[in-house]
Amino acid sequence: MLTVRDTGEGMDEETLRHIFDPFFTTKPVGKGTGLGLAMVYGFIRQSGGHIVAQSRPGQGTTIRI
């Protein structure tokens with residue numbers, strides 16, 4: 001298992017539900033395409049793996065592959 005964790009702002013449940021959706025971004029228009037995590041999700045699933053994200057506002061985010 002690979003775990004990546006940060007201590008940033010974190011995300012609420014609604015945002016967390018969409019982080020692997022293609023073109024989903026919380027950035028302003030013109031500041032990002034929202035493809036990064038969707039591509040990572042696709043690569044991992046095509047390889048037979050799993051990816052899980054956990055986050056809470058004010059407590060950062062943890063992603064496990």
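Annotation: per residue accessible area for the chain equals 77 Å², rounded to a whole number [probe 1.4 Å, protein chains only].
Going through the range 13-65, which trypsin sites (Lys or Arg not before Pro) have at most 11 other Cβ atoms within 10 Å and a DSSP loop state? Before the final figure, lay out the partial values.
Numbers: sites: ARG17, LYS31, ARG45, ARG64; in loops: ARG17, LYS31.
The qualifying sites are LYS31.
Neighbours of LEU35, meaning other residues whose beta-carbon lies under 14 angstrom from its beta-carbon, give a summed charge of +1 when Lys and Arg score +1 and Asp and Glu score -1. Length gained on full extension, ASP12 to THR62, computed as 0.36 nm times the residue gap minus the Cα-Cα distance: 16.7 nm. The residue among PHE43, PHE23, SER55 whose Cα reaches farthest toward the positive pole of the charge dipole of the chain, with charges on the beta-carbon of Lys, Arg, Asp and Glu, is PHE43.
Phi-derived couplings, Karplus 6.51 cos²θ - 1.76 cosθ + 1.60 at θ = phi - 60°, listed residue by residue for the range 12-21: 7, 4, 5, 5, 4, 5, 10, 4, 9, 6 Hz, with x used for Gly and Pro.
Would you calculate a helix-derived [θ] at 222 nm for the chain, using -39,500 (n - 2.57) for each DSSP H run of n ≥ 4 and dividing by the full residue count, to the nearest 500? Write out the running numbers ahead of the final one.
Details: 2 runs with 15 residues, N = 65.
Computed mean residue ellipticity for the chain: -6000 deg cm²/dmol.
Charged neighbours of THR15, selected by a Cβ distance under 15 Å, balance to -3 (K, R count +1; D, E count -1). Which entry is the computed P(r) over Cα pairs in 10 Å bins from 0, in percent for this structure: [x] 20, 42, 31, 7, 0; [y] 21, 51, 26, 1; [z] 22, 34, 21, 12, 7, 4, 1? Here the calculated entry is [y].
The values are calculated or read from the model by the stated rules, or taken from the named source; none is laboratory data. These figures come from a predicted structure and were not determined experimentally. Positions of Cβ are generated from backbone atoms using ideal geometry, with glycine treated the same way; all protein chains shown enter the neighbour counts. Each accessible area value is taken on the protein alone, full model and side chains, heavy atoms only, with ligands, DNA and RNA left out. Shrake-Rupley method; radii C 1.70, N 1.55, O 1.52, S 1.80 Å.
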